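First up is the structure itself, then whatever we jot down about it.
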Amino acid sequence: MTPSNILRTETAQCREHGEYKNHLIESFSGGHFWQGCTRCQFDAYHSTDEEAGKAAASLRRERQLNLTLLASGIPPRFREATLESYLTTTNPEQQAIALRQCQDYAAGFEDHWRVGRSMMLLGAVGTGKTHLGCAVAQSVIRSFGAPALYTSALDIIRDIKSTFSKDSELSEREIYAALRAPDLLVIDEVGVQHGSDFERQVLFEVINDRYKNLDPTIVISNLSIQGLRQCLGDRAVDRLSDADGPTVLFNWASARGAA
Ligand SMILES: [Zn+2]
């Protein structure tokens, strides 16, 4: 539990264990809940009472899942963006294909993780690429308990640039390590900065690092595959499509109207 997940802390009384610090925790699916007495939860988990043990184990799993989901960086706007909630009404045929590719990728994640198979989501603005990218990340966390991280190219570039300041709390190496750590990394908005050399070098470093460790990456971009090759360089795109990594195309008009 990181301090940012704790909304408030109050002193509470447990009948069994006396005074303790009770934390109000953010819930990924909205709202919040009180953590309660962790000593009680620990005791129940290790109890010889089968029912109490089961209930405590299930609570522990639920709380752990909540923390993994919160750590995913999926923004509040996209927390309800799941594979089930993706609408295929604007362009049913093509959207159904895109959805199926993302469902298949999420379902087969164990295999992708084993061989380091990535995926690209490419196409027009407002076609639901971010929705599906977040949905795959959430599905991978829920189905496999695998940590996934959603971020954007702009955030990565900004984080790396911020390490150049002598007051920076984090080193460049730590930023790259954090991007290497999750089993799945989703990088949104690639190419928004029109591919400066710096962006290309940083993103190649991230993609290549993960490629070498067989860690899958999902890249989301408004660019075409040719545009992405220009922006990221051939080597990066080759790594993203290695081991038959799928490219999902979103080539229909925006659902947001004249966007
Ligand atoms: Zn207690």
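Just a few scattered comments:
- Residue list for region 196-251, filter: farther than 25 Å from I97 by Cβ, outside any helix (DSSP H, G or I) and not aliphatic (A, V, I, L, M): S196, N213, D215, G233
- Residue pairs meeting the criteria (Cβ under 6 Å; at least 6 apart or on separate chains; first at pLDDT below 95, in region 174-195; second surrounded by fewer than 23 Cβ atoms within 10 Å (Cβ to Cβ) and part of a loop (DSSP other than H, G, I, E, B)): G191/L223
- Checklist (1) surrounded by 14 or more Cβ atoms within 10 Å (Cβ to Cβ); (2) part of a loop (DSSP other than H, G, I, E, B) applied to D159, failing item: (2)
- Selected residue (only one of L132, L122, L83, L99 is in the same structural domain as A146 (by TED's automatic domain parsing), modelled with pLDDT of 95 or more, of a type in the set (A, V, I, L, M) and in a strand (DSSP E or B)): L122
- All positions within region 217-232 that are over 15 Å from E189 (Cβ atoms) and in contact (Cβ under 8 Å) with a residue 60 or more places away in the chain: S224, I225
- Of the residues in region 63-75, none is surrounded by 14 or more Cβ atoms within 10 Å (Cβ to Cβ) and more than 30 Å from D155 (Cα to Cα).
The values are calculated or read from the model by the stated rules, or taken from the named source; none is laboratory data. Computed from a predicted structure; not experimentally measured. All Cβ positions, glycine included, derive from the backbone under ideal geometry; neighbour counts span all protein chains shown.
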